[in-house]
1. Given the conditions (1) outside any loop (DSSP other than H, G, I, E, B); (2) closer than 25 Å to ASP73 by Cβ; (3) at pLDDT below 90, report the number of the one that PRO163 does not fulfil.
2. ARG330 - would you say it is touching a residue at least 60 places away in the same chain (Cβ under 8 Å), surrounded by 13 or more Cβ atoms within 10 Å (Cβ to Cβ) and charged (D, E, K, R)?
3. What's the total number of residues in the stretch 254-263 that are assigned to a loop (DSSP other than H, G, I, E, B) and either under 27 Å from the mean Cα position of the chain (by Cα) or among the acidic types (Asp, Glu) (or both)?
4. Out of all the residues in the stretch 264-280, which are under 18 Å from ILE212 (Cβ atoms), part of a helix (DSSP H, G or I) and out of contact with any helix residue (DSSP H, G or I) (no Cβ under 8 Å at 6 or more places or on another chain)?
5. Is it the case that some residue within the stretch 200-217 is of a type outside the set (Val, Ile, Thr), more than 23 Å from ASP279 (Cα to Cα) and open to solvent by 10 Å² or more (accessible area, probe 1.4 Å)?
6. Check the stretch 182-198 and report whether any residue there is modelled with pLDDT of 85 or more, surrounded by 15 or more Cβ atoms within 10 Å (Cβ to Cβ), touching a helix residue (DSSP H, G or I) at 6+ places or on another chain (Cβ under 8 Å) and not in a helix (DSSP H, G or I).
7. Please pick out the residue among SER136, SER131, SER123 that is in a loop (DSSP other than H, G, I, E, B) and buried (at least 16 other Cβ atoms within 10 Å of the Cβ).
8. Across the stretch 265-312, what is the number of residues that are of a type in the set (Ser, Thr, Tyr), within 27 Å of the chain's Cα centre (by Cα) and open to solvent by 30 Å² or more (accessible area, probe 1.4 Å)?
Amino acid sequence: MPESVDGVCDHPYGNSWIHHTAQRSPVVSVSTDAVPRQDRLAWWAHMSAHEIAPTALSSSHADDFQGRTRSVDLAGVRVAEFAMSPVTGTRTPTHIRRHDPDVYQLFLVHDGPVRLEQRRTDSVLEAGDFSLFSTSHPYFTTFADIGALTRLTILFLPGEALPLPRGTLERLLAHQLPARTGTGAILARYLTGLHEHAAGCDPADLPRLGAIGLDLAATFLAGRLGTANLLTPETRRRTLAARIDAFIDRHLGDPDLDPAAIAARHHISVRTLHLLFQDRAETVSATVRRRRLERARADLADPRLRDQPIGEVGLRWGFRTAAEFSRAFRNAYGMSPRDHRQHALNS
């Protein structure tokens, strides 16, 4: 029989036990690597009790259990990646009476299948699916043995922060929420890329990043419920800005990508587009140019692309001519694309 352990939250629940012990670093990683093998499942259950909610865990891999997590604290919103051996979790009314952080948790499955039950809904989730669960109701979840660690990302959403009625929101609990297009796809990209960039962010930017995540989640869930009319104008504005950012990144290679094309694609005026960018440090056109140059600069430093002509690199990222690319690159970085490639590949 799989060994079962009960997660206990033995101090008042704060934002995160991991972040508390790490002295508030914005991105914190922990794993079972330093824990004796016989204690790893119990340690993981203890960590999960603080980071998610007290839950009974069992695993057929209790003798060789592995787990790791990376958590990002965004000043009221938290995102955590988990990778772990196959595990089954059961949260009972007893666990809820013991401690309830009273949060919704929207999670993205990277490796499936994952089974989730809550409030008479039973779903099997595959890679690329979202699902929502609440710590205030019993649930059961089990992760299939795929021969490798199962990965998922959780966005922690305080109930009072979501601009949606709780009774309406709970209609989605444990449902399979595919997210391969639209706002769901943007939210998935936001979650999967967050850990790579948050560590280098100015601390003042972290609340703004958290607000973007909350807005994307609210818009995604409202869309599934047909209640988009309940969203605030500010949530709509920030969600539109996030959609535009994702659109720009996907179409950098199009030389016709300009403010007029971006505005037309999103059914807004060019003036409205510029207003969306007015609180940023750069204009729409400057944003497109910078991101093109960043992609080209990375390609020039890639040893696998050393034989590709420099002009082709610029054309691939939306510059119309090699001369235009070279001029823009030198203005941005103070050296020619050729000099950058030589320096990067020879250092």
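The values are calculated or read from the model by the stated rules, or taken from the named source; none is laboratory data. Since we're looking at a predicted model, the values are computed, not measured. Here the Cβ positions follow ideal geometry from the backbone for every residue, glycine too, while neighbour counts run over all protein chains shown. Just the protein is used for accessible areas: all its heavy atoms, side chains included, with ligands, DNA and RNA removed. Shrake-Rupley method; radii C 1.70, N 1.55, O 1.52, S 1.80 Å.
1. (1)
2. Values: touching a residue at least 60 places away in the same chain (Cβ under 8 Å): no; surrounded by 13 or more Cβ atoms within 10 Å (Cβ to Cβ): yes; charged (D, E, K, R): yes.
In short, no.
3. Summing the residues that are assigned to a loop (DSSP other than H, G, I, E, B) and either under 27 Å from the mean Cα position of the chain (by Cα) or among the acidic types (Asp, Glu) (or both) in the stretch 254-263 gives 4.
4. Of everything in the stretch 264-280, just one residue is under 18 Å from ILE212 (Cβ atoms), part of a helix (DSSP H, G or I) and out of contact with any helix residue (DSSP H, G or I) (no Cβ under 8 Å at 6 or more places or on another chain), namely LEU275.
5. Checked against the condition, which is being of a type outside the set (Val, Ile, Thr), more than 23 Å from ASP279 (Cα to Cα) and open to solvent by 10 Å² or more (accessible area, probe 1.4 Å), the stretch 200-217 yields no hits at all.
6. No, the conditions are met nowhere in the stretch 182-198.
7. SER136
8. Start the filter on the stretch 265-312 by keeping residues that are of a type in the set (Ser, Thr, Tyr), which leaves 269, 272, 283, 285, 287.
Of the ones still in play, those that are also within 27 Å of the chain's Cα centre (by Cα) are 283, 285, 287.
Next cut, open to solvent by 30 Å² or more (accessible area, probe 1.4 Å) only: 283, 285.
Qualifying residue count for the region: 2.
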